[in-house]
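The values are calculated or read from the model by the stated rules, or taken from the named source; none is laboratory data. As the structure is a prediction and not an experimental result, all values here were calculated from the model. Ideal geometry is used to build each Cβ from the backbone, glycine not excepted, and the neighbour counts take in all protein chains shown.
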């Protein structure tokens with residue numbers, strides 16, 4: 001049986017601040033630049049969720065895309081969209097909400113919701129047209 005990779009794209013808007021409270025103001029600004037703005041800054045994020053599996057012989061699909069859409073929206077998008085990632089998202093409160101940490105946290109939330117026979121393969125999170133991260137659960 002063939003193993004296929006299927007990707008769904010979702011979008012959310014959110015604000016965040018990159019800031020390490022254990023560092024001085026000087027070190028934070030030297031490391032994070034304008035992303036350390038005390039009044040936060042926002043992005044239009046694009047989240048790509050890639051799953052893998054064998055198509056079901058009865059449907060020809062790895063997963064019903066309506067189900068994948070619900071899982072992604074329920075576990076990630078609805079929690080992040082139009083939020084301040086530093087202040088409004090409890091599951092990001094333990095970390096600096098960089099795109100790297102957001103991708104890891106999204107993986108952890110989505111992976112446990114997928115139906116049997118479907119595995120999460122990759123999370124890709126675009127922060128700007130120039131910056132994105134890929135995470136494979138490693």
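If you scan segment 102-124, which residues turn out to be over 25 Å from residue 54 (Cα atoms) and touching a strand residue (DSSP E or B) at 6+ places or on another chain (Cβ under 7 Å)? Steps first, please.
Initially, segment 102-124 is screened for residues over 25 Å from residue 54 (Cα atoms), giving 102, 105.
Result: 102, single match.
Scan (1) within 23 Å of residue 61 (Cα to Cα); (2) in a helix (DSSP H, G or I) for the single condition residue 113 breaks and write down its number.
(2)
From the list 68, 85, which one is farther than 20 Å from residue 8 by Cβ and surrounded by 18 or more Cβ atoms within 10 Å (Cβ to Cβ)?
Of the residues listed, the single one that is farther than 20 Å from residue 8 by Cβ and surrounded by 18 or more Cβ atoms within 10 Å (Cβ to Cβ) is 85.
Just to check your reading of the model, which residue among 85, 65, 125, 114 is touching a helix residue (DSSP H, G or I) at 6+ places or on another chain (Cβ under 8 Å), touching a residue at least 40 places away in the same chain (Cβ under 8 Å) and farther than 30 Å from residue 35 by Cα?
The conditions single out 114.
Of everything in segment 9-46 that's assigned to a strand (DSSP E or B) and in contact with a helix residue (DSSP H, G or I) (Cβ under 7 Å, 6 or more places away or on another chain), which residue is surrounded by the most Cβ atoms within 10 Å (Cβ to Cβ)?
Selected residue: 14.
Quick check, is residue 6 more than 19 Å from residue 127 (Cα to Cα), part of a strand (DSSP E or B), in contact with a strand residue (DSSP E or B) (Cβ under 6 Å, 6 or more places away or on another chain) and in contact (Cβ under 8 Å) with a residue 24 or more places away in the chain?
Working: more than 19 Å from residue 127 (Cα to Cα): yes; part of a strand (DSSP E or B): yes; in contact with a strand residue (DSSP E or B) (Cβ under 6 Å, 6 or more places away or on another chain): yes; in contact (Cβ under 8 Å) with a residue 24 or more places away in the chain: yes.
Considered against the rule, which asks whether it is more than 19 Å from residue 127 (Cα to Cα), part of a strand (DSSP E or B), in contact with a strand residue (DSSP E or B) (Cβ under 6 Å, 6 or more places away or on another chain) and in contact (Cβ under 8 Å) with a residue 24 or more places away in the chain, residue 6 comes out as yes.
Is it true that some residue in segment 90-104 is more than 23 Å from residue 22 (Cβ to Cβ) and at pLDDT 95 or above?
No: zero hits.
Assess whether residue 57 counts as being modelled with pLDDT under 95, part of a loop (DSSP other than H, G, I, E, B), out of contact with any strand residue (DSSP E or B) (no Cβ under 6 Å at 6 or more places or on another chain) and loosely packed, with under 13 Cβ neighbours inside 10 Å.
Answer is yes for this residue.
Restricting to segment 116-126, name every residue that is surrounded by fewer than 17 Cβ atoms within 10 Å (Cβ to Cβ) and part of a loop (DSSP other than H, G, I, E, B).
Answer for segment 116-126, where residues must be surrounded by fewer than 17 Cβ atoms within 10 Å (Cβ to Cβ) and part of a loop (DSSP other than H, G, I, E, B): 116, 117.
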